[in-house]
Structure formats: C-alpha cells, structure tokens
Amino acid sequence: MTSIALLSLAIWLYLFFAHGKFWASAPQLPVAAPPQFPDVDIVVPARDEAASIGRVIASLLAQDYGGRFRVVLVDDNSTDGTAAMAGAAPNLQVISLESKPAGWSGKLWALSHGVAAGDAPIILLTDADIVHDPQHLSSLVAKLLESRLDLVSEMVRLNCASLAERALVPAFVYFFQMLYPFTKVNDPHAAAAAAAGGTVLIRREALERIGGMEAIKDTLIDDVALAKAVKKSGCIFLGHSALAASIRPYPNFKDIWDMISRTAFTQLRYSPLLLGLTLAGLALVWLVPAWEILFGHGARFGFGLAAFVLATMSYQPTLARYRRSRLWALALPLIALFYMAATVGSAFRYWRGSGANWKNRAYGAER
C-alpha cells in the first residue's frame, strides 16, 4: 500500500509540473479585430433545438464583422419546428434534411451539407446551443490569420446554474484539459490534438486537404477527430472563450450522466482492456490520495496528503473561471467517482447493444 500511495504522488508530481500546465485554465482568446475580413460561412447543425435556436441564430446574425458572412442552418430532420423558430434574414439560409445515409453520424452529415452550401474561404462550425458575443467572429478570424493557423477552436463557457451543473460542469472542463492539455494541443511539435465542437473556425482549404467531412464521417467525437486530421499537416489552436456560452441546461445529475456515457466508451475505442486500465489509473489519481488521508498512517498518509494537495491546487483555476467556491476541490474524489461510474455505464450501454444516442438517433450500437 505504501508503494501505491507513492505511485499516486509520483503521478500527481508529473501532472502538476510536467503535463503542459493543463490546470492553468488558459489560454483565453482576447477580443481582437483581424487585419483582413475574408468571407465566412457559419454552419449550424440542429436537430430538435426549437427551444434555443432563435437566440443562437440571432446572436450569429448580430456579429460585428467587417466582411461578408452568411449563416447556414442545417435542420437535421427535426420534429419540433426548429427551422421555423430560426427566423428569417437575407444572410440566413436554412437547409432541411430528411434522411441520413448509412456510415455517417447525423451531425457530420448535417455539417457536410452546410459546408457544401457555401464557398467562403473560412468556415465557422458551431452548435445549436451556443450564443455568441457580437465580437466573437472577428476575434476568431483575427487569431486564425495573425497566427497563421488552419483551425481555431474554443471551449465555450458551459451552463453552470443547477446543483448538478455546479458540482460537475467545472470538473468536465478540468478533465478535458487534463486529457488534452491546451499548451500541447497548440504546440505544432506535439502530437496532442483536440477541438471543442461548440466553436471551430477552419480554413476551407484545410478541410478540403483532409478530405472534407467525409474523412471523419463515422466518428462520434467529431471535434477531436477533425483536429487530429488537420494537425497532421497544419497548425491548430485550442483555448477558452469569454465570448461564447452554451445555453443547454443540465438540470439533473442524470442529464450529466447521460452526456458522459454517450461518448465515454467511444473514447476508449470500445476496449474492455482500456476501460480496466482507465479505471485503475483514475483510482490511483483520485481515490488513493483520499483513502490514504482517511486510513493511512506514516508515509502513506504523507504521500496521500501531498497528492491530494496537488490535486486540489490544480482545480482552483477552473473553479475560479466558473466562479465556484474553492471548497469544491475537496469533493474531487467523489466527482471523479461519478465520472468513473458514468464511464462504466457507457460500456454497459454499448455491451447491451444500445450504443450512443444523440437526439433520438443511435450510433455505435453495431458490433
């Protein structure tokens, strides 16, 4: 047990001091104006988003951008009148889809139609639950052009109002940063690549270079797959956003459980071995320090306490970003246990044949 406690501390020493400062909750894209204003196509895939689509489209049409831009809403076989709630504007185009061919995820099928509907050199891919500050598009284009990038993505601010959201949403962002340290993603010499699907600005030539949306057509975690494909031959950026926010609510713990379990086992490539190794690793990182503080003695207690202190310190910047009490860091072992259980739940969903589900459409159930 002493060796396990020491291993847990060694892992935390690596994570805190050598894992790309993942915990820093940075960088954040600043407000900026681009040196030029190329045309932009803004593509919004939507399926049964009547409750939010009006606000989302209004925020996009209100962009303070010095060049031409057009919003393309792709209504993916909605049953709630999503397209009608979007309104009308000269630079708004609505495309309605009624079917999806085999081998495509629904979102990527919708995105492919939206991309094909325009010819602007810059494309903004955004979700149907994201509202944008009027300066957002200009700031994204400025980063793309000034840093000579192929793709710019942001982790938008997530909804954090209900008890479930306050307890678990900052941790979701924190764990994402741990899995994909932003500094490593932004380093052209590092292999790490990721994007956050709520905001992805990409050059059309870069998208065409990788084979378009068809190159990743069957992926469920499409944002990460897109970033990995683009980074093979170009440079990308991933940061946090103060200019865009999700308005999708997760009022109950079950809602967040379902959100995690939708893709967790996909991240592990549906591998029982990877699932077991992941759970063992998470237990070392999150559960062992708390166990040793409660039940360990001597060196074991010291190792556990040191690891726990590093863990709680690493969570502080994310808590500050979401204006949560620093004391939430003390709950990290319980929060991690929730995420571990949801990951196991994701595996059982797959093994039962139900697979992942998005807007009443199933993915990945076939084996």
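Quick notes
- The residues listed here are Val94, Val72; of these, the one that is within 21 Å of His136 (Cα to Cα) and β-branched (Val, Ile, Thr) is Val72.
- Condition met for Val224 (within 23 Å of Pro27 (Cβ to Cβ) and in contact (Cβ under 8 Å) with a residue 60 or more places away in the chain): no
- Flag for Leu334 being within 21 Å of Phe16 (Cα to Cα), out of contact with any helix residue (DSSP H, G or I) (no Cβ under 7 Å at 6 or more places or on another chain) and in a helix (DSSP H, G or I): yes
- Residue in region 182-195 that is outside any helix (DSSP H, G or I) and of a type in the set (Phe, Trp, Tyr) present: no
- Test: residue in region 130-145 that is assigned to a loop (DSSP other than H, G, I, E, B) and within 30 Å of Trp257 (Cβ to Cβ): no
- Residue within region 12-25 that is over 19 Å from the mean Cα position of the chain (by Cα), buried (at least 19 other Cβ atoms within 10 Å of the Cβ), in the same structural domain as Ala320 (by TED's automatic domain parsing) and modelled with pLDDT of 95 or more present: yes
- Check on Ser59, more than 20 Å from the chain's Cα centre (by Cα), under 24 Å from Asp218 (Cβ atoms) and not aromatic (Phe, Trp, Tyr): no
- Among the candidates Asp75, Asp80, residue that is in a strand (DSSP E or B), of a type in the set (D, E, K, R) and over 19 Å from Val152 (Cα atoms): Asp75
- For region 249-265, a residue qualifies if it is surrounded by 17 or more Cβ atoms within 10 Å (Cβ to Cβ) and within 22 Å of Tyr322 (Cα to Cα), and the qualifying residues are Tyr250, Ile256, Trp257, Ile260.
Rundown of residues vs (1) among the hydroxyl-bearing types (Ser, Thr, Tyr); (2) out of contact with any Pro (no Cβ under 8 Å at 6 or more places or on another chain); (3) outside the structural domain of Leu179 (by TED's automatic domain parsing), yes/no style:
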site	(1), (2), (3)
Thr199	yes, yes, no
Ala215	no, yes, no
Val224	no, yes, no
Gly234	no, yes, no
Phe237	no, yes, no
Ser241	yes, yes, no
Asp258	no, yes, yes
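- Hey, Val71 free of Cβ contacts under 8 Å to residues at least 60 places away in the same chain, under 26 Å from Arg248 (Cβ atoms) and touching a Leu at 6+ places or on another chain (Cβ under 6 Å) or not: yes
- Subset of region 297-331 [under 27 Å from Ala245 (Cα atoms), in a helix (DSSP H, G or I) and either in contact with a Cys (Cβ under 6 Å, 6 or more places away or on another chain) or not hydrophobic (A, V, I, L, M, F, W, C) (or both)]: Thr312, Ser314, Tyr315, Gln316, Pro317, Thr318, Arg321, Arg326
- Check on Pro101, assigned to a loop (DSSP other than H, G, I, E, B) and at pLDDT 95 or above: no
- A count restricted to region 348-357 and to residues that are surrounded by 19 or more Cβ atoms within 10 Å (Cβ to Cβ) and either touching a Leu at 6+ places or on another chain (Cβ under 8 Å) or assigned to a helix (DSSP H, G or I) (or both) stands at 3.
- Residue that is nearest to the chain's Cα centre (by Cα), among those in region 302-335 that are among the charged types (D, E, K, R) and buried (at least 16 other Cβ atoms within 10 Å of the Cβ): Arg321
- Count - residues of region 1-34 that are under 12 Å from Leu310 (Cα atoms) and either assigned to a loop (DSSP other than H, G, I, E, B) or not β-branched (Val, Ile, Thr) (or both): 10
The values are calculated or read from the model by the stated rules, or taken from the named source; none is laboratory data. From a predicted model like this one, the values you see are computed outputs, not experimental measurements. Note that we place each Cβ from the backbone using ideal geometry, even for glycine, and neighbour counts take in every protein chain shown.
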